[in-house]
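Written out below as structure tokens is the structure these notes cover.
The values are calculated or read from the model by the stated rules, or taken from the named source; none is laboratory data. What you see is a predicted model; the values in this text were computed from it and never measured. In this analysis, Cβ positions are derived from the backbone assuming ideal geometry, glycine residues included, and neighbour counts consider all displayed protein chains. Keep in mind that these areas ignore ligands, DNA and RNA; they rest on the heavy atoms of the full protein, side chains included. Shrake-Rupley method; radii C 1.70, N 1.55, O 1.52, S 1.80 Å.
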Amino acid sequence: MKKIRIAQIGLNQYSHSGEIFETLVKFPDIFEIVGYALVEDERETCANKIKHFDGYPELTLEQILNDPTIEAVTVETDEIHLTKYVQMAAEHGKHIHMEKPGGADLAAFERLIETVKAQGTVFHIGYMYRYNPFIREAIESVKRGELGEIFSVEAHMSRYDPPAVREWFNTLPGGMMFYLGCHLIDLVLQIQGAPKRVIPMTFSSGKDGIISPDYGLAMLEYDNGLSFVRMSGVEIGGGSRRQLVLVGDKKTLEIKPLERGLTEEEKQAYGPAKYAMTTERVERTLNEQGRSVKKQEKSEIFCRYDDMMQAFAAMVRGEKENPYTLEYELLLYRTLLQCCGI
């Protein structure tokens, strides 16, 4: 199998840039890493993350863009710069894996989609829950009609952030909604499609005197009900109750927590692996007597970024078609901005 020559553009302060690069390193039979470039002011803002690149050459942005043997890039700058650098990569005909969700400018994102469409290259966004095994199975079961008519989707994704992170939310449109809400909106749209109406509600807790939108809630209206996404940066234990609830007329399905770190016993059995985790789900149906029947399961162990980057490689090699079309990614981005109140 021919290796994919790939380089990384940028680091981000609070997202997955280091983890993505480490995942490329994890698969030397798939990726030939040419090097990396730092852009914007990342040498200062992301000084603690540069260690992820140890052993690999630093290149200039121009060296990466103008080298025709580098066929793919991962673009991992801070969110507000993403569309800018992905546009450059697209114009140079690179296959692209991009940190979610893109920059803050709708017109720029629309232009990017048109550029990628014209180039015919792969455009792959790092929405990690797309590769969560129970979430993937849930969405497939919806498509097969196993849950019946879906009345609502409820999605939570919260955590407890330090003041510096919550201050940084001010750089993003909609703050926490833009930062984490994008993951949840993606799930709702995959299950229910485009909403009739979006009701955005962003809020600042004011904790520590920081006035930033660190709480987000958005209602998405459909013909047969309301769905909502909710996220908070000031919720103690919020990570442990991240959840997705699908309510259908045949079945209710809850996935909670969306991800759970391994127990010590699991670590010993599985061996050393970064970003390894499990998830759990509960299905509720009615028996013949009309009583609720509960079925609970725990997933096999998976590594958060492995399937994501292996799928990207398969798309670049032409072995797999990206199931998320450019039209879908544009719908998702537009809906996200609506949920941010834009």
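Ranking Cys339, Ile139, Thr45 by Cα position along the charge dipole of the chain, where only Lys, Arg, Asp and Glu carry charges on their C-beta atoms, puts Ile139 farthest toward the positive end.
Computed about its Cα centre, the charge dipole of the chain is approximately 860 debye, with only Lys, Arg, Asp and Glu carrying charge at their Cβ. The length gained by stretching the chain between Asn287 and Val245 to full extension, at 0.36 nm per residue less their Cα-Cα distance, is 13.1 nm. Roughly how many Å is it from the Cα centre of the stretch 241-290 to that of the stretch 30-64, as a whole number? Using only Cα atoms to place each centre, the spacing works out to 36 Å. Shape analysis of the stretch 262-342 yields a ratio of the Cα radius of gyration to the Kirkwood radius, Rg/Rh, of 1.14. Three semi-axes describe the equivalent ellipsoid of the stretch 215-283; taken as square roots of 5 times the Cα gyration tensor eigenvalues and ordered largest first, they are 30, 17, 8 Å.
The alpha carbon radius of gyration of the stretch 20-71, expressed as a multiple of 2.2 N^0.38 Å, is 1.19.
Selection among Gln296, Leu330, Ala311 by position relative to the dipole of the stretch 278-342 gives Gln296 as farthest towards the positive end (Cβ unit charges, Cα centre).
A viscosity of 0.692 mPa s and a temperature of 37 °C, combined with the Kirkwood radius over C-alpha pairs in the Stokes-Einstein formula, give the stretch 205-342 a diffusion coefficient of 173 µm²/s. Dipole magnitude for the stretch 229-342: computed about the Cα centre from +1 point charges on Lys and Arg Cβ and -1 point charges on Asp and Glu Cβ, it is near 380 debye.
Between Tyr14 and Arg317, what is the FRET efficiency for a Förster distance of 22 Å, r being their Cβ-Cβ separation, to the nearest 0.05? Efficiency, from the Cβ-Cβ distance: 0.10.
Surface calculation, 1.4 Å probe, protein heavy atoms: Thr74 sits at approximately 0 Å² accessible. GNM remark for the chain: springs join alpha carbons under 10 Å apart, and the peak mean-square fluctuation among Arg242, Arg43, Arg166 falls on Arg43.
Once the C-beta distance of Glu146 and Met219 is scaled by a Förster radius of 25 Å, the resulting FRET efficiency is 0.45 to the nearest 0.05.
Mean separation of Cα pairs under 8 Å and 6 or more residues apart, divided by the residue count, gives the stretch 208-251 a relative contact order of 28 percent.
Extent along the principal axes, Cα only, for the stretch 116-243: 48, 39, 29 Å, with the longest axis given first.
The packing ranking, built from the mean of other Cβ atoms within 10 Å per residue, places the peptides 133-144, 187-198 in the order 187-198, 133-144, highest first. For the pair the stretch 109-136 / the stretch 153-214, the C-alpha centres are spaced 21 Å from each other.
Note on the stretch 168-209: semi-axes of the ellipsoid equivalent to its C-alpha gyration tensor, largest first and rounded to whole Å, are 25, 11, 8. Which of the pairs Lys3/Lys117; Lys143/Lys250; Lys2/Lys26; Lys2/Lys49; Lys100/Lys274 have their Cα atoms more than 18 Å apart in this structure? Violating the 18 Å Cα-Cα cut-off are Lys3/Lys117; Lys2/Lys49; Lys100/Lys274. Size of the stretch 1-134 from its Cα atoms: along the principal axes, largest to smallest, the extents are 41, 38, 36 Å. The length gained on full extension between Asp54 and Asn66, counted as 0.36 nm times the residue separation minus their Cα-Cα distance, comes to 2.0 nm.
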